[in-house]
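Here's the structure, in structure tokens; my notes come after.
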Amino acid sequence: MDHRKEELEKKRAKLAELRRQREERKRQATQTREQLQPASPTASRIDINDLVNSLVGERPRSRSNTGSESVLLSRESSGIGRERRASAAFAASPEPTSPRQQQQQPDTPRAFRTAEMVVIDFPPRERVVYNKGVQTAAADAGSGADADAALLSEAEVARRVREQRERDERARVAREEDARVRAADAAEREAQREAEARRLTDTQLGGIVGSARFSGFLDRASRVVERALDTDYDVTVDYARAQAGDASDARPQLALVAALGDERTRNRAVMDLAWSARFPELVAAAYNRNPTAPNEPDGVVAVWNAHSRARPEFVFHAPSDVLQVAFSDFDAHLLVGAAYSGQLLLWDTRAKAQPVLRTPLTAAGHTHPVYALKVVGSTNAHHVVSASSDGLACAWQLDMLAQPQDALDLTNPAHARTDEVSVTCLDFAADETAAFVVGTAEGVAYPVNRYDRAGCKAGLNALDAYRAHTAPINSLRFHPPGAAADFADLFLTASSDWTVRLWRARPAAKPASAVPTDMRPLHTFDAFDDYVYDARWSPVHPAVFASADGAGRLALWNLNADVELPVHAAHPESGRALNKLAWDRPGRRIATGGADGLVYLYDVGDLATPRPDDAAKFARVVAEMASA
């Protein structure tokens, strides 16, 4: 708006300048006429003299002066710079003759002649003034009519400016539309050209689809999409109307969340389960061989994601049945497995399906099935402790599996036929790396020292035995350190004699007994109808543990509530035996699997959430068991 006002002001100034120039020209013309008025009598006198001379017979004066005066007058009276033509008629005077000749010649009429004269005016030098803001054509001020036409009203100027702007806007819109059309045409031509250029033959397309890079990309992208689709979240919830307790009240206790399995794990049995410490949603399952598919790998380890249930995140292969699997707590990418052939296998999630390292099948390592495996230590010094069915216990460095760092022969001289001890399971107490307890196929648990210490030697201590089971011990688990530090010496054993027993371990720092001493269990849980294959403590609740048995029942026990019967139980639809179970690190879910090859995820809910007084209650329960 300010710009338009400025243009109008400049145009008014231009019109005022034109008016001033016109007045100045009028004033100059008036002065010129006043200066030329005294010359008129002289011209009259010149004409009279010429007439008298013609009468007396003298030659008339030349009219060049008169013509010059006319030219001068015409030049001075003209106010514009242009060329014009002027015509003047002069009377033709006869040649001078004598009076006698005049008398002899008859009177003849005088003949007039027409003379043409060109008058040239030189206009004054035009002064060109350049204005950056306003550029208008100079008006022709040669006449009064042209100057009046240049004097426009403000409304007319505004109308013309508006029309000009409308024309400019229409032209701009037309240019933009034309540019858009040209751009669209160019894009369409480019797309067609690219489509023609990228049209692949069947051979090229097959090569791309069959390449490892394409298959890897498709596998990663599809897993991301499946995780998003399997997310258990109600995006349509109305928080303004939903009640706070609706979801928790409606959710059943020990509810089945998912059953994980695909064609690669079909007809295989789950041999072991392990949750990741770095990624709480990942659970690894170890499988044995598929008897109906001899061309498939004998052993398989599948890493399942609780948020993507259609297929596993990773599938690793093994040359033999995988009996044990464990995530490394110190490297989230590494998994360790123990095979039926006696080998220890190391897989890396960043590598392919085959193991990146494996132990040799020599006398330096295991040559019998390895049923016990544990990763112990700290971030800077950790290793794997394994034990096989021939009584050999080894400690391995994860980055060097060529030979064990330490090896112990676990023997019992009291055995009748052989002194070997067939180890089926082992576990370390919390914050303990030098001593552990092994469960055996004879139903007895023995303490083992890795190193010589005061009062006891390295190896199996046959004098301090945990003797109560009448069948092989399938599982041995110490109380986790996260629940309560006061119960670190408690451990559970699950056996094929249909019982689970609670034990208090003898302190490892004490010297060995001089005579055979049988440790008695604190309590025996016998509410089972089949072999008990696994029993594990909750990682957060001190009095809660879960058990899996051959009847296909997952039982949840809370010793603060009842020491005779489980508080909750769940049965998978298949009804087949459950071999293993594992708690996730937050203690909210249990993974279990068995003979049907499926991994079942159960949501524990609030059952495993500890209250402030649960530790004190459990301490009283344990004291009552010990005194009974």
*Output the residues belonging to segment 509-548 that are free of Cβ contacts under 8 Å to residues at least 40 places away in the same chain and acidic (Asp, Glu).*
526, 529
*Being within 49 Å of the chain's Cα centre (by Cα), more than 22 Å from residue 320 (Cβ to Cβ), among the polar types (S, T, N, Q) and surrounded by fewer than 22 Cβ atoms within 10 Å (Cβ to Cβ), is that true of even one residue in segment 379-388?*
yes
_Test set (1) in contact (Cβ under 8 Å) with a residue 40 or more places away in the chain; (2) within 23 Å of residue 592 (Cβ to Cβ) - residue 501 fails condition number_ = (1)
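Applying the selection to segment 552-562, what residues are surrounded by fewer than 17 Cβ atoms within 10 Å (Cβ to Cβ) and under 15 Å from residue 526 (Cβ atoms)? Quick ask: steps written out before the conclusion?
Applying the first criterion (surrounded by fewer than 17 Cβ atoms within 10 Å (Cβ to Cβ)) to segment 552-562 yields 561-562.
The answer is 562, and nothing else.
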*asked:* Return the residues of segment 559-569 that are farther than 22 Å from residue 495 by Cβ and of a type in the set (Gly, Ala, Ser); say none if nothing qualifies.
replied: 561
*Whichever residue in segment 197-223 is surrounded by 10 or more Cβ atoms within 10 Å (Cβ to Cβ) and of a type in the set (A, V, I, L, M) and, among such residues, is farthest from residue 349 (Cα to Cα)*: 200
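Residues checked against (1) under 22 Å from residue 432 (Cβ atoms); (2) in contact with a Lys or Arg (Cβ under 8 Å, 6 or more places away or on another chain):
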| site | (1), (2) |
| --- | --- |
| 343 | no, yes |
| 356 | no, no |
| 360 | no, no |
| 363 | no, no |
| 366 | no, no |
| 370 | yes, no |
| 398 | yes, no |
| 403 | no, no |
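Does residue 22 fit the bill of being modelled with pLDDT of 85 or more, surrounded by fewer than 12 Cβ atoms within 10 Å (Cβ to Cβ) and of a type outside the set (Gly, Ala, Ser)?
Details: modelled with pLDDT of 85 or more: yes; surrounded by fewer than 12 Cβ atoms within 10 Å (Cβ to Cβ): no; of a type outside the set (Gly, Ala, Ser): yes.
For residue 22, the condition - modelled with pLDDT of 85 or more, surrounded by fewer than 12 Cβ atoms within 10 Å (Cβ to Cβ) and of a type outside the set (Gly, Ala, Ser) - is not met.
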*Give segment 490-548 a look and list any residue that's farther than 19 Å from residue 469 by Cβ and either crowded, with 18+ Cβ neighbours inside 10 Å or within 51 Å of the chain's Cα centre (by Cα) (or both), or say none.*
508, 538, 539, 540, 541, 542, 543, 544, 546
*Identify the residue in segment 306-326 that is part of a strand (DSSP E or B) and among the small types (Gly, Ala, Ser) and, among all such residues, is surrounded by the fewest Cβ atoms within 10 Å (Cβ to Cβ).*
326
*Conditions: (1) under 41 Å from the mean Cα position of the chain (by Cα); (2) surrounded by 20 or more Cβ atoms within 10 Å (Cβ to Cβ); (3) within 28 Å of residue 617 (Cα to Cα). Residue 588 meets all but one. Number of the miss?*
(2)
*Show the residue pairs that are 6+ apart or on different chains and have beta-carbon atoms under 8 Å apart, the first residue being within segment 294-319 and farther than 15 Å from residue 336 by Cβ and touching a residue at least 12 places away in the same chain (Cβ under 8 Å), the second being among the hydroxyl-bearing types (Ser, Thr, Tyr) and not in a loop (DSSP other than H, G, I, E, B).*
300/287; 302/287
*Show the residue pairs that are 6+ apart or on different chains and have beta-carbon atoms under 7 Å apart, the first residue being within segment 208-233 and within 20 Å of residue 257 (Cβ to Cβ) and assigned to a helix (DSSP H, G or I), the second being of a type outside the set (Phe, Trp, Tyr) and at pLDDT 75 or above.*
223/308; 223/313; 226/308; 226/310; 227/305; 227/307; 227/308
_For residue 292: the one exception among (1) surrounded by fewer than 20 Cβ atoms within 10 Å (Cβ to Cβ); (2) of a type in the set (Val, Ile, Thr); (3) under 30 Å from the mean Cα position of the chain (by Cα)_ = (3)
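Matching residues to (1) of a type in the set (A, V, I, L, M, F, W, C); (2) surrounded by 10 or more Cβ atoms within 10 Å (Cβ to Cβ); (3) modelled with pLDDT of 75 or more; (4) outside any helix (DSSP H, G or I):
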| site | (1), (2), (3), (4) |
| --- | --- |
| 138 | yes, yes, no, yes |
| 141 | yes, yes, no, yes |
| 165 | no, yes, yes, no |
| 168 | no, yes, yes, no |
| 195 | yes, no, no, no |
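Residue by residue, here is whether (1) crowded, with 17+ Cβ neighbours inside 10 Å; (2) part of a loop (DSSP other than H, G, I, E, B); (3) of a type in the set (Ser, Thr, Tyr) holds:
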position: 415; (1), (2), (3): no, yes, no
position: 424; (1), (2), (3): yes, no, yes
position: 431; (1), (2), (3): no, yes, no
position: 439; (1), (2), (3): yes, no, no
position: 442; (1), (2), (3): yes, yes, no
position: 447; (1), (2), (3): yes, no, no
position: 474; (1), (2), (3): yes, no, no
*Could you check, for segment 408-418, whether at least one of its residues is farther than 18 Å from residue 327 by Cβ, charged (D, E, K, R) and modelled with pLDDT of 90 or more?*
yes
*Can you name the residue in segment 327-343 that is surrounded by fewer than 19 Cβ atoms within 10 Å (Cβ to Cβ) and hydrophobic (A, V, I, L, M, F, W, C) and, of all such residues, is farthest from residue 266 (Cα to Cα)?*
330
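Among the residues of segment 570-590, are any touching a His at 6+ places or on another chain (Cβ under 9 Å) and modelled with pLDDT under 95? Show your work before the answer.
Residues of segment 570-590 touching a His at 6+ places or on another chain (Cβ under 9 Å): 587.
With modelled with pLDDT under 95 added as a condition, the list becomes 587.
Yes, segment 570-590 contains at least one residue that is touching a His at 6+ places or on another chain (Cβ under 9 Å) and modelled with pLDDT under 95.
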*asked:* Among the residues in segment 398-417, are any in contact with a Ser or Thr (Cβ under 6 Å, 6 or more places away or on another chain) and not hydrophobic (A, V, I, L, M, F, W, C)?
replied: no
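Take residue 582 and tell me if it is within 45 Å of the chain's Cα centre (by Cα), surrounded by fewer than 19 Cβ atoms within 10 Å (Cβ to Cβ) and touching a residue at least 40 places away in the same chain (Cβ under 8 Å). Show your work before the answer.
Values: within 45 Å of the chain's Cα centre (by Cα): yes; surrounded by fewer than 19 Cβ atoms within 10 Å (Cβ to Cβ): no; touching a residue at least 40 places away in the same chain (Cβ under 8 Å): yes.
No, not satisfied.
The values are calculated or read from the model by the stated rules, or taken from the named source; none is laboratory data. None of these values were measured; they are calculated from a predicted model. No Cβ is skipped: glycine too gets one built from the backbone with ideal geometry, and neighbour counts run over all protein chains shown.
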